[in-house]
Amino acid sequence: MAKIKKILICNHSHTDIGYTDYQDNCVRQHGEFVEQALDLIEKTDSYPEEARYRWTVETTGPFLKYLRSATKDQISRLKYWHEQGRIDIAGISYNMTPLLNIEQMHRSLYPLRAIRDEFGFNVEAAMQDDVNGVSWLYADLLADLGISFYTQAVNPIRGARPKPFPGAFNWEGPSGKKVLAWNGYHYLFGRSQAGIGNWNLVDRLLPRWIEQLEQDDTYEFDFLYCESTHPVRVDNGPPDPRMPEFVRKWNEDGRAPRMEFITVTDFGRLLKREYSSNIGTQRGDWTDHWADGVASSARETGINRTTHAVLEMAEALESWRRMDGEKGSWSPERAAAAYENMTLYDEHTWGAYSSVEEPYALFSLSQWNKKAGFAYSAAMDAHDQVARAANAIAAQVGTKAEDGNFNLGDLEPEVAFPASGIDDVIVFNSLPWDRNVIVEEPEPRGGAAPVGMLDAFFHRNTTWGGARPIPPIRRVAGRIPASGFAFLKVSDGVPSSDLRAQGNVIENAHYRVEIDPGTGGIKSFLDKAQDHDYAGTYEGWQPGQYVYETVDSPEDRLAIANIDFSHPNFFEGRVDTPWKRQVARQVSLTDAVIFEGQARVDVTIDAPGVKSATVRYALDANTKVLAVDWMLNKTEHLDAEAVFVAFPFNLSRPEFLVDLNGIPAVPNRDQLDGAAKDWYPITRWVNVSDGQRGITIAPLDAPLVHLGGITTGKWARTLEPEGPTVMSWALNNHWLVNFRPSQSGQIPLRYRLTTHEGAPDVASISRFAAEAHVSAVPLRDISPRNTEPRSFLSVGDQPIQVTTKPSENGGWIVARVQNLLREPYEARVRFGRTPLAARAADALEHLREALKIEENDVRVSLAPLEIRTVLVRFNAAFHQRK
């Protein structure tokens, strides 16, 4: 126990892109706050040192926009006070949710390139506020970029805090890199909970917190550190000119403890300088409880998850062009804009504070329109980038058929869009291993708009340019080389002698699946090789079954969590919520059929929560994957509700493995104590096994899962699964503000399942999920000039993942090389031609040491679970920047 000798006050504005104001206004306001902070800094420069105002810029996203629009005089002024230590810059672009994938997390730190390299500012600390935590990959990335200190101000409503709290620990990331972390009070603590800055409140509120720390034997520091925002505009609030006056008078009056302003960077330096002997190490993911809100807009969340893959595909194809010496159409500015939109959907501010209280108010609707617009804008831009790159590559190796004619209705469709007579489709595989695919021949569009979206991604039966012939849907199977392409003959079709379909049963070489006509769930899921039926039950529910949940109480949402801002955690989680869970009232099942190399059975249900809903269970020929594709026609429901899709399995004692932001993680073991255990935000896959066998689910649209059964309302610090069940928590609207209050219309929920023998193999699981999420893309009506397949990059059967992008540094390409093992690995990345140079780099593409090249292979040494950035160059003519 230590006597509290000083109060350290970190002033900042909490960044919500939305919530208190329309999103564009919020961004503008944060630029204005910088100017206001500088005014206050200059005004108080003659004050005693402790009372001289200091300000920390919480996030780099709005700050970089301010810098881009600032005058030279504004930047000079800002730089002067930054060098004096009076205005600080924290290093992450927004307050993030766990929706981000690996590349997004890297790109969320790219503003540092400009802030450091172009504008000359120092950044050595980072902070996240309001969210309950971020991916432990940030510990690795921040350490790699020289950011040695990180603060987390958890908003504990419906969440939990790790321990020590408040306190510090060295936070270890997946590869073993560490960043010093402070686990602190809520970001509005200083003003709102402790009353600092308000003479009417401080004597009543502050002593409680001082006494609490002084009576805590585990608290080994002699200070109280508190973040402080505006007393009314606690989010997106300006600097408060009353604060320096308050601190000066407090100290002049001889009150104790003494107060002083501090920046995040200086606080980190203080901890390292004076308290390092008191600080231990903790390893694990800081999983965010507030991730549940992303299911309040399930359709847009699913769209943005798909955009992750589409944008990844676009940058892979543009990398291939750069390997061939083409500059291509990729630009860092356009790429940054696409990632910005995608991340502005994935960051933590979902909409207006009034979204539940006044769902149809102009203010609420405008903010949701903007939030959803981030997802739709990112999707359209990503599709256009894929279309440009794919068509450019196709033009190098084939000849496009003649365009059709815009049809005002005076032409027969066959005349306006004559058949090309081309039997080939060119198929692109952006993943770095050879891949067996079954693709659908795109609709013939005859060059009609939209040019910014490939035919493969566009719906059939559209009438742009008038009616045109819509041929029967045809599918083709083939093998596509790693990070490459091949031409397939559509007339070859899909060899499918292994398929069977009869009544409520579908079958292929690997599985026999029987659908229960009474429930619409899976009655039997037989793995033929293992002779094991994986279909289990939980609460009487079967795999694939729809479950609708409401709260049977007039308290509605407050029966889930009772909000109480006088409570230290701002809430009390209810464990007695009267849940009401229902399944389909009526089930209609069509006879199973075989169609173009796929055995399928469709089930339509009448159920609460939906106008209608249909699920298709499907097996492709010779493919060890079961597809479960729901389409909900959702009805609007403003009271608390949720939709689950159940996946209970016939296994013994379960062990779970989950993909958290691209990192394979074991629940509990790979999480901080106090991180979310009630639900998990899955990037691409979740696995459950009993050591003898197991099953992997890749949820394409809905990221949230409960492990072991429904865990809402347990508020558990440790996951204790009931059994081998994964519950997809597809939709919910439980939170009281800013998340969407209801959902309606068509919402797809798609899942891919595969089974395995023995313990889970992370490399195999990762590849299965990558193929589920990242489509192979066909283009039609291109006559090949050379039918030889081509590969630009390959990792063979190594336990690694590799994604590529064109580099910000001239003619280089970037490869992110990920070790999926928990042991060191020496990776070899093989390119389709011999590189001229290969260099290690930091996460922002700054060049480091040279890497060894052996013929076409680049060797990369990886620590356990490490992700390294590598730059490779193939053409010396490109301009190069360091």
Completion exercise
Scanning the stretch 190-241 for residues that are among the hydrophobic types (A, V, I, L, M, F, W, C), within 23 Å of Val34 (Cβ to Cβ) and surrounded by 21 or more Cβ atoms within 10 Å (Cβ to Cβ) gives Ile196, Cys226
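Let's see how each residue does on (1) more than 24 Å from Ala698 (Cβ to Cβ); (2) of a type in the set (Asp, Glu); (3) not assigned by TED's automatic domain parsing to the domain that holds Val476:
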| position | (1), (2), (3) |
| --- | --- |
| Pro806 | yes, no, yes |
| Arg816 | no, no, yes |
| Arg822 | no, no, yes |
| Gly832 | yes, no, yes |
| Arg839 | yes, no, yes |
| Glu845 | yes, yes, yes |
| Leu851 | yes, no, yes |
| Glu855 | yes, yes, yes |
| Ile867 | no, no, yes |
Exercise for the section: Identify the single condition in (1) touching a strand residue (DSSP E or B) at 6+ places or on another chain (Cβ under 8 Å); (2) on the phi < 0 side of the Ramachandran plot that Arg334 does not satisfy, given that it satisfies every other one. Expected result: (1)
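On the given criteria, is Gly484 touching a residue at least 60 places away in the same chain (Cβ under 8 Å) and touching a Phe, Trp or Tyr at 6+ places or on another chain (Cβ under 7 Å)?
Working: touching a residue at least 60 places away in the same chain (Cβ under 8 Å): yes; touching a Phe, Trp or Tyr at 6+ places or on another chain (Cβ under 7 Å): yes.
Criteria met by Gly484.
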Completion exercise
Quick count over the stretch 281-299, residues being more than 13 Å from the chain's Cα centre (by Cα) and either among the basic types (Lys, Arg) or within 12 Å of Tyr345 (Cβ to Cβ) (or both), is 3
Handout entry: Hits in the stretch 259-315 - residues which are under 30 Å from Ile560 (Cα atoms) and of a type in the set (D, E, K, R)
Key = Asp285, Asp288, Asp292, Arg299, Glu300, Arg305
Practice task
Give just the number: which of (1) more than 15 Å from Lys6 (Cβ to Cβ); (2) assigned to a helix (DSSP H, G or I); (3) among the aliphatic types (A, V, I, L, M) does Val232 not satisfy?
Solution key: (2)
Fill in the blank from the handout: Scanning the stretch 616-660 for residues that are charged (D, E, K, R) and part of a strand (DSSP E or B) gives Arg616, Asp620, Asp629, Lys634, Glu641, Glu655, Asp659
Exercise for the section: Within the stretch 694-705, identify whether any single residue is buried (at least 24 other Cβ atoms within 10 Å of the Cβ), within 24 Å of Ser355 (Cβ to Cβ) and out of contact with any Pro (no Cβ under 7 Å at 6 or more places or on another chain), and answer yes or no. Expected result: yes
Exercise for the section: State whether the residues of the stretch 637-651 include one that is under 27 Å from the mean Cα position of the chain (by Cα), farther than 25 Å from Glu549 by Cα and surrounded by 19 or more Cβ atoms within 10 Å (Cβ to Cβ). Expected result: no
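Trp330 - would you say it is hydrophobic (A, V, I, L, M, F, W, C) and assigned to a loop (DSSP other than H, G, I, E, B)? Write out each step before concluding.
Details: hydrophobic (A, V, I, L, M, F, W, C): yes; assigned to a loop (DSSP other than H, G, I, E, B): yes.
In short, yes.
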Practice task
Determine whether the stretch 556-573 contains at least one residue that is surrounded by fewer than 17 Cβ atoms within 10 Å (Cβ to Cβ), in the same structural domain as Thr725 (by TED's automatic domain parsing) and more than 30 Å from Ala153 (Cα to Cα).
Solution key: no
Completion exercise
Looking across the stretch 797-831 at residues that are modelled with pLDDT of 95 or more and touching a Gly at 6+ places or on another chain (Cβ under 9 Å), the single one that is surrounded by the fewest Cβ atoms within 10 Å (Cβ to Cβ) is Arg828
Exercise for the section: Might you check whether a residue that is crowded, with 23+ Cβ neighbours inside 10 Å, aliphatic (A, V, I, L, M) and modelled with pLDDT under 95 occurs anywhere in the stretch 161-178? Expected result: no
Problem - Condition broken by Asn786, with the remaining ones in (1) assigned by TED's automatic domain parsing to the domain that holds Val860; (2) surrounded by fewer than 18 Cβ atoms within 10 Å (Cβ to Cβ); (3) modelled with pLDDT under 95 satisfied - result: (1)
Practice task
For Pro238, work out the one condition from (1) in a loop (DSSP other than H, G, I, E, B); (2) under 22 Å from Gly159 (Cα atoms) it doesn't fulfil.
Solution key: (2)
Problem - Those residues of the stretch 18-42 which are within 16 Å of His82 (Cα to Cα) and either out of contact with any helix residue (DSSP H, G or I) (no Cβ under 8 Å at 6 or more places or on another chain) or modelled with pLDDT under 95 (or both), in sequence order - result: Phe33, Gln36, Ala37, Asp39
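Does Gln746 meet the test of being of a type outside the set (Phe, Trp, Tyr), surrounded by fewer than 20 Cβ atoms within 10 Å (Cβ to Cβ) and touching a residue at least 24 places away in the same chain (Cβ under 8 Å)? Break it down stepwise before answering.
On the way: of a type outside the set (Phe, Trp, Tyr): yes; surrounded by fewer than 20 Cβ atoms within 10 Å (Cβ to Cβ): yes; touching a residue at least 24 places away in the same chain (Cβ under 8 Å): yes.
Considered against the rule, which asks whether it is of a type outside the set (Phe, Trp, Tyr), surrounded by fewer than 20 Cβ atoms within 10 Å (Cβ to Cβ) and touching a residue at least 24 places away in the same chain (Cβ under 8 Å), Gln746 comes out as yes.
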Exercise for the section: For Asp842, state whether it is surrounded by 15 or more Cβ atoms within 10 Å (Cβ to Cβ) and of a type in the set (Asp, Glu). Expected result: yes
Practice task
Mind telling me which of the residues Phe406, Phe417, Phe428 ends up being farther than 17 Å from Val777 by Cα, among the aromatic types (Phe, Trp, Tyr), in the same structural domain as Arg321 (by TED's automatic domain parsing) and crowded, with 18+ Cβ neighbours inside 10 Å?
Solution key: Phe417
Exercise for the section: Please specify each residue of the stretch 443-464 satisfying the condition of being surrounded by fewer than 20 Cβ atoms within 10 Å (Cβ to Cβ), among the small types (Gly, Ala, Ser) and in contact with a helix residue (DSSP H, G or I) (Cβ under 8 Å, 6 or more places away or on another chain). Expected result: Gly452
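Here is a yes/no grid of residues against (1) in contact with a helix residue (DSSP H, G or I) (Cβ under 7 Å, 6 or more places away or on another chain); (2) in contact (Cβ under 8 Å) with a residue 12 or more places away in the chain; (3) of a type outside the set (A, V, I, L, M, F, W, C):
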site: Arg322; (1), (2), (3): no, yes, yes
site: Lys327; (1), (2), (3): no, yes, yes
site: Glu358; (1), (2), (3): yes, no, yes
site: Ala372; (1), (2), (3): yes, yes, no
site: Arg388; (1), (2), (3): no, yes, yes
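I need a count of the residues in the stretch 736-763 that are of a type in the set (Lys, Arg) and either in a strand (DSSP E or B) or under 21 Å from Phe647 (Cα atoms) (or both).
So in the stretch 736-763, the residues of a type in the set (Lys, Arg) come out as 740, 750, 752.
Filter again for either in a strand (DSSP E or B) or under 21 Å from Phe647 (Cα atoms) (or both), leaving 750, 752.
Number satisfying all stated conditions: 2.
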Practice task
Run Gly328 past the list (1) modelled with pLDDT of 95 or more; (2) outside the structural domain of Phe169 (by TED's automatic domain parsing) and report the number of the one that doesn't hold.
Solution key: (1)
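Quick grid of which residues meet (1) more than 22 Å from Arg107 (Cβ to Cβ); (2) of a type in the set (Phe, Trp, Tyr):
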site: Trp812; (1), (2): no, yes
site: Asn819; (1), (2): no, no
site: Glu823; (1), (2): yes, no
site: Leu847; (1), (2): no, no
site: Leu851; (1), (2): yes, no
Completion exercise
Note on the stretch 652-668: residues in contact (Cβ under 8 Å) with a residue 40 or more places away in the chain and within 12 Å of Pro174 (Cα to Cα) are Leu660, Asn661, Gly662, Ile663, Pro664, Ala665
Exercise for the section: Restrict the check to the stretch 283-300 and report whether at least one residue is over 30 Å from Gly31 (Cβ atoms), surrounded by fewer than 24 Cβ atoms within 10 Å (Cβ to Cβ), in contact (Cβ under 8 Å) with a residue 12 or more places away in the chain and among the β-branched types (Val, Ile, Thr). Expected result: no
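Looking at Glu358, is it of a type in the set (Asp, Glu), surrounded by fewer than 21 Cβ atoms within 10 Å (Cβ to Cβ) and assigned by TED's automatic domain parsing to the domain that holds Leu454?
Working: of a type in the set (Asp, Glu): yes; surrounded by fewer than 21 Cβ atoms within 10 Å (Cβ to Cβ): yes; assigned by TED's automatic domain parsing to the domain that holds Leu454: yes.
Answer is yes for this residue.
The values are calculated or read from the model by the stated rules, or taken from the named source; none is laboratory data. Quick caveat, the model's predicted, so the values are computed rather than measured. When we count neighbours, we look across all protein chains shown, and the Cβ atoms used for this are built from the backbone with ideal geometry, even at glycine.
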